[in-house]
Amino acid sequence: MKEARLVDLGVREFAEVWKLQLELVGARQRDEIPDTLLFVEHPHVITAGRSAKRENLLDLGGTPLFEIERGGDVTYHGPGQLVGYPILDLAPDRRDVHRYVRDLEEVMIRTCAAWGVEASRVAGLTGAWVGADKIGAIGVRIARWVTSHGFALNVATDLARFAAINPCGLDAAVMGSMAGELGRPQEMAAVKDAVRATVAEVFGRQI
């Protein structure tokens, strides 16, 4: 089993972590570092991927916007949302973009299950869903089979913030959270522990 490391950044500005990801990707491509999983909560920010449509930016109200190199449309990050950025070398046996996205979905689905929240996939869409509510989003970049960007799981996110955009091209009303499904706040540290264990399990890493 391959060794990997977890780096918990706490709360950090998006621009700082974006720069860090680019540095780590280069280091991983050169085999200077092991596979790395970053955890972070961002202050309020909106990011637009390569497929972003301007009409999905509604009323940002001063929220910073970053146009970045990941796939996908627009999304929101903020407090109460666990963002995971895996910097993984998918070589030699996991060189399959679709499998990688499905694996990230599986991480969120299994994490939700640990709290009795029944998440699943929706045909034709990405992310983790609880019924009609989207509880987790995915947007990735893969360069020379090293991954960056990743997933965002709404633990106790202020869902009203999604009204600034059409998240992933969808109506903001579809967004959900673990706290909303359970009717009570969730301890972020416990969710981080569960995600770490699930990433290790799904990707066959020792973290």
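Listed by chain and number, the lysines placed with their C-alpha closer than 28 angstrom to that of residue 53 are 19, 134; residues fewer than eight positions away on the same chain are left out.
Please tell me the relative contact order of the chain in percent, rounded to the nearest whole number, where contacts are Cα pairs under 8 Å and at least six residues apart.
Numbers: 427 pairs, mean separation 50.1, N = 207.
For the chain, the relative contact order is 24 percent.
Taking the 1.4 Å solvent-accessible surface of the stretch 119-172 as the whole, the part contributed by carbon and sulfur is 52%. Please work out the FRET efficiency for the pair residue 19 and residue 201, using the Cβ-Cβ distance as r and a Förster radius of 30 Å; give the result to the nearest 0.05. Computed FRET efficiency for residue 19 and residue 201 comes out at 0.50. In summary, the helical segments of the chain meeting the span-like criteria, namely a full DSSP H run, a Cα extent along the axis of 15 angstrom or more and a mean Kyte-Doolittle hydropathy of at least 0.5, are 188-203. About the centre of its Cα atoms, the stretch 57-156 shows a dipole size close to 240 debye [charges on the beta carbon of Lys, Arg (+1) and Asp, Glu (-1) only; nearest 20 debye]. When all protein chains stay in place and ligands, DNA and RNA are ignored, the 1.4 Å accessible-area order of 138, 87, largest first, is 138, 87.
Sorted by accessible area with a 1.4 angstrom probe, largest first, how do 134, 2, 19, 53 fall?
Numbers: 134 5, 2 75, 19 125, 53 105 Å².
The most accessible residue leads, giving 19, 53, 2, 134.
As a test, work out the antiparallel percent of DSSP beta bridges whose residues both lie in the chain, rounded to the nearest 5. Roughly 70 percent of the beta bridges in the chain run antiparallel, per DSSP.
How big is the dipole moment of the chain about its Cα centre under a simple scheme where the beta carbon of each Lys and Arg is +1, that of each Asp and Glu is -1, and everything else is neutral? Debye, nearest 20, please. Don't jump to the answer; show the numbers that get you there.
Working: 24 positive and 28 negative charges, 80 e Å.
I would put it at about 380 debye.
The GNM of the chain, with springs linking C-alpha atoms under 10 angstrom apart, assigns the highest mean-square fluctuation among 131, 183, 80 to 183.
From helices alone, the chain scores -8500 deg cm²/dmol at 222 nm; the rule is -39500 (n - 2.57) for each run of n ≥ 4 DSSP H residues, then divide by the residue total. Dipole magnitude for the stretch 1-71: computed about the Cα centre from +1 point charges on Lys and Arg Cβ and -1 point charges on Asp and Glu Cβ, it is near 220 debye. Highest GNM mean-square fluctuation among 66, 14, 162, for the chain modelled with Cα contacts below 10 Å: 66.
The stretch between residue 125 and residue 163, if pulled fully straight at 0.36 nm per residue, gains 11.7 nm over its current Cα-Cα span.
When a/c reaches 1.5 or more, the comparison of a/b and b/c decides; with that in mind, is the stretch 48-207 rounded, prolate or oblate per its Cα gyration tensor? Please list the in-between numbers first.
Values: a/c = 1.74, a/b = 1.13, b/c = 1.54.
In terms of gyration-tensor shape, oblate.
The distance linking the stretch 87-155 with the stretch 24-79 is 15 Å (Cα centroid to Cα centroid, whole angstrom). For the stretch 1-61, the relative contact order is 47 percent, taking Cα pairs closer than 8 Å that sit 6 or more residues apart in sequence and dividing their mean separation by the residue count.
The values are calculated or read from the model by the stated rules, or taken from the named source; none is laboratory data. None of these values were measured; they are calculated from a predicted model. Don't worry about glycine lacking a Cβ; one is built from the backbone with ideal geometry, like all the others, and counts go over all protein chains shown. The area values use the complete protein model at the heavy-atom level, side chains included, leaving out ligands, DNA and RNA. Shrake-Rupley method; radii C 1.70, N 1.55, O 1.52, S 1.80 Å.
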